[in-house]
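To keep things clear, I will list the structure first and then write my remarks on it.
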Amino acid sequence: MSNKKQLFVVGMGPGDADLVAPKALKAIHQSTDLVAYGLYLDLLGSACDNKIHHDLPLGEEIGRARLALDLAASGKTTALISSGDIGIYAMATLVFELLDRQLQGLENHPEWLDVEIDVIAGISAMQAGASRIGAMLGHDFCTVSLSDLLTPWETINKRIHSAGEGDFVISFYNPVSKKRDWQLNHARDVLLKYRPASTPVLLGRQLTRADESIRIIRLDELDAKDVDMFTLVSVGNSESKHIINGTREWVYTPRGYKKKL
């Protein structure tokens with residue numbers, strides 16, 4: 001019997017079962033205990049059968065990370081699961097922040113330091129969205145979370161201006177919530193100072209899931225009332241192109257091959 005203490009930190013992709021990496025499925029298969037927001041376990045379906053489910057609600061991220069480390073430290077092979085890529089605005093960073101705190105003597109969990117951690121990447125929402133409409137992320141891009149729960153608004157605003165000035169394709173995560181709807185319209189107004197009103201914008205809701213909806217609009221049409229917390233908003237740069245071929249619409253961001261073509 002191996003006494004290896006194993007924690008898999010797993011990104012399950014945007015929701016489509018076909019986009020879950022084989023390595024992620026293998027980690028889930030090897031685990032006895034799964035820690036996640038319940039919806040993610042539902043989306044994974046039969047892969048989660050015959051496992052102990054630890055379903056903590058949204059807002060309990062710190063509790064989820066602690067529980068996963070505790071379970072793994074106790075000898076249970078554990079998978080901590082997030083949608084998208086677990087290293088992008090997700091749970092992986094909390095696991096390492098807790099480990100860092102333990103190493104600094106700010107936690108009293110020396111057993112955490114014996115846990116083997118394997119982080120397994122997943123396809124992020126911005127990648128899934130870009131793939132559904134062509135090649136929006138074809139040149140330099142960045143992401144900005146509009147949630148000011150953990151990051152001061154001054155910092156977020158500075159990043160929006162910097163991304164606008166740098167002409168990055170921008171994917172906005174956490175664009176609105178029930179209590180927070182003005183930041184997205186502010187971001188739109190900032191970006192309109194730096195790029196054309198006709199710049200293509202992707203509104204991708206429930207990407208790759210059964211009730212997916214995809215809309216391509218202009219930057220000057222972007223409005224927070226058309227967006228919810230299940231929506232990814234990606235804004236093209238000043239060169240991004242929206243093209244229509246019959247009933248198919250595509251957005252791509254050129255990389256500069258025009259000189260060679």
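Just add up the charged neighbours of Leu56: K/R +1, D/E -1, any other residue whose Cβ is under 13 Å from the Cβ of Leu56.
Here the count lands on -3.
What is the extension gain from Ile214 to Ser238, computed as 0.36 nm multiplied by their sequence separation minus the C-alpha to C-alpha distance, in nm to one decimal?
Difference between extended and current length: 6.5 nm.
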Q: Go through Leu203, Pro57, Ile86 and say which Cα lies farthest out towards the positive end of the charge dipole of the chain; charges sit on Cβ, +1 for Lys and Arg, -1 for Asp and Glu.
A: Leu203
Q.
Here are a few candidate values for semi-axes √(5λ) of the Cα gyration tensor in Å: (1) 32, 20, 16; (2) 29, 20, 18; (3) 37, 21, 16. Which one was actually calculated from the structure I just gave you?
A. (3)
Q: Treating only the Cβ atoms of Lys and Arg (+1) and Asp and Glu (-1) as charged, compute the dipole magnitude of the stretch 36-87 about its Cα centre; round to the nearest 20 debye.
A: 180
Q | Globularity ratio of the stretch 151-233, using Cα Rg and 2.2 N^0.38 Å | A | 1.07
Q: Using only the alpha-carbon atoms of the stretch 1-67, report the extent along each of the three principal axes, biggest first, to the nearest angstrom.
A: 35, 28, 19
Q: Have a look at Leu146, Thr77, Tyr40 and report the one farthest towards the positive end of the charge dipole of the chain, computed about the Cα centre with Cβ charges (Lys/Arg +1, Asp/Glu -1).
A: Leu146
Q) Which links in Lys158/Lys225; Lys158/Lys259; Lys5/Lys51; Lys23/Lys51 stretch past 28 Å when you go from one Cα to the other? A) Lys158/Lys259
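What is the dipole size for the stretch 1-150, taken about its Cα centre, with +1 at each Lys and Arg Cβ and -1 at each Asp and Glu Cβ, in debye to the nearest 20?
On the way: 10 positive and 19 negative charges, 66 e Å.
The calculated dipole for the stretch 1-150 is roughly 320 debye.
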Q | Point-charge dipole on Cβ atoms (K/R +1, D/E -1) for the stretch 142-227, about Cα centre, debye to 20 | A | 140
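Computing the accessible area with a 1.4 Å probe over protein heavy atoms, can you report the carbon and sulfur percentage for the chain?
51
Could you report the stretch 1-140's accessible area per residue, 1.4 Å probe, as an integer in Å²? Spell out each step's value before the answer.
On the way: 6800 Å² over 140 residues.
Dividing the accessible area of the stretch 1-140 by its residue count gives 49 Å².
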Q) Cα centroid distance between the stretch 68-118 and the stretch 160-227, in Å? A) 33
Q.
Can you compute the modelled spin-label distance between Leu150 and Leu39, with each label point 7 Å from Cα toward Cβ, in nm?
A. 1.7
Q. What residue among Ser238, Ala24, Ile117 has its Cα farthest toward the positive end of the dipole of the chain, where the charges are +1 on Lys, Arg and -1 on Asp, Glu, each on the Cβ?
A. Ser238
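The values are calculated or read from the model by the stated rules, or taken from the named source; none is laboratory data. Predicted model, so just to flag it, every value in this text is computed and none were measured. Ideal geometry is used to build each Cβ from the backbone, glycine not excepted, and the neighbour counts take in all protein chains shown. Each accessible area value is taken on the protein alone, full model and side chains, heavy atoms only, with ligands, DNA and RNA left out. Shrake-Rupley method; radii C 1.70, N 1.55, O 1.52, S 1.80 Å.
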